[in-house]
1. Report, by residue number, each residue of the range 215-228 that is more than 13 Å from ligand 1 (Cβ to nearest atom) and within 19 Å of residue 261 (Cβ to Cβ).
2. Condition test on residue 35, is it in contact with a strand residue (DSSP E or B) (Cβ under 7 Å, 6 or more places away or on another chain), at pLDDT 95 or above and more than 30 Å from residue 123 (Cβ to Cβ)?
3. Evaluate the following for residue 215: is it out of contact with any strand residue (DSSP E or B) (no Cβ under 7 Å at 6 or more places or on another chain) and either surrounded by fewer than 24 Cβ atoms within 10 Å (Cβ to Cβ) or at pLDDT 95 or above (or both)?
4. How many of the residues making up the range 327-336 are assigned to a helix (DSSP H, G or I) and either in contact with a strand residue (DSSP E or B) (Cβ under 8 Å, 6 or more places away or on another chain) or more than 14 Å from residue 304 (Cβ to Cβ) (or both)?
5. For the range 258-278, which residues satisfy the criterion of being part of a loop (DSSP other than H, G, I, E, B) and either surrounded by fewer than 17 Cβ atoms within 10 Å (Cβ to Cβ) or without any contact (Cβ under 8 Å) to a residue 24 or more places away in the chain (or both)?
6. Restricting the search to the range 129-143, which residues are more than 13 Å from residue 82 (Cα to Cα) and surrounded by fewer than 24 Cβ atoms within 10 Å (Cβ to Cβ)?
7. Could you list, in sequence order, all residues of the range 1-15 that are within 16 Å of ligand 1 (Cβ to nearest atom) and either without any contact (Cβ under 8 Å) to a residue 60 or more places away in the chain or closer than 24 Å to residue 249 by Cα (or both)?
8. Assess whether residue 94 counts as being in a strand (DSSP E or B) and in contact (Cβ under 8 Å) with a residue 24 or more places away in the chain.
Ligand code: KIV
Ligand code: ZN
């Protein structure tokens, strides 16, 4: 029996925190509308107290975008929580997300507080937030470098104070998948009341492990994964939504878990976010990169033409692309060239095809990609003269 895993999208909060990104309210609304089409479960729309623009963005999304939970981040401080509530209160399903750091290094140097003071602040924040909002998420910032017993104690205390979601961030992208699994099992076994709340993870990509860690968390029973479109986020970014979702879909029998994401909207969402943020998607990025479904090697193209599953583990249509791209270049085989020529309306005899292929390879050696017009010119000038 497949269980549901919620997708909590934080493109508009953690993603927008990436260096060099700044979206205005209208741009945030456009992204949020598209996230709703994608069918994410939660949109973290911003950090309401951070700036008037952030507040307006969260409020506009809360007012307009329906069918999804809308959330604002807040530190574990009353003014932050009040501002977050003001921003999300008109949402169909509002959520306040409050956080405080729990690792020794963050408590000592950043907060300059001892663990007992941090625990008290967390409980007070959650109690206050819960007095305002029916859904409250608590995050232990830098959880993966925190002491596990302290985490269990603080989580138990905030659950008793009314938290409905407990989030475990790998804030600095430090953990590795096997260790994360062990940690999550420990927390589940040693936290009072954990079975009453949703368990969530939020992984950063400093070691390139954000998606692997998120998937390890799903294997260990978490209910929610926090992620961003195109993997945007602080420093090396967050777990890429499209990768988490397509891994769960493609290997569903292994995970026994499904999301509600309309995967055919993934490509469109990625393009919109890339356009509005001005952050291009690397060409070989999994799922949404321009080469993710492009095949150039002759052997691969030949295989694809016979059966797409020889070199594709998911269809381009499933992520919203119209078709597989066979890029004609110096590695392309005769079969791929013949196929493309037929699509362009040229049916050549075998000797004509031999000649066309010979000229094609000469041209491909000089150019990165041989286009349709190159092929047409080649047939007109070289083959038709035979
Ligand atoms: O990475 C992090 O710890 C965060 C929290 C605020 C959830 O973004
Ligand atoms: Zn984060």
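1. Listed by number, the residues that qualify are 215, 217, 218, 219, 222, 223.
2. Yes; evaluated as a whole, the condition is true for this residue.
3. yes
4. So the answer is 2.
5. Those that are part of a loop (DSSP other than H, G, I, E, B) and either surrounded by fewer than 17 Cβ atoms within 10 Å (Cβ to Cβ) or without any contact (Cβ under 8 Å) to a residue 24 or more places away in the chain (or both): 260, 262, 278.
6. Hits for the range 129-143 are 134, 135, 141, 142.
7. Correct list: 6, 7, 8, 9, 10, 11, 12, 15.
8. yes
The values are calculated or read from the model by the stated rules, or taken from the named source; none is laboratory data. Just so we're clear, the structure is a prediction, and the values are computed from it rather than from any experiment. A quick note on method: Cβ atoms are made from the backbone with ideal geometry, for glycine too, and the neighbour counts reach across all protein chains shown.
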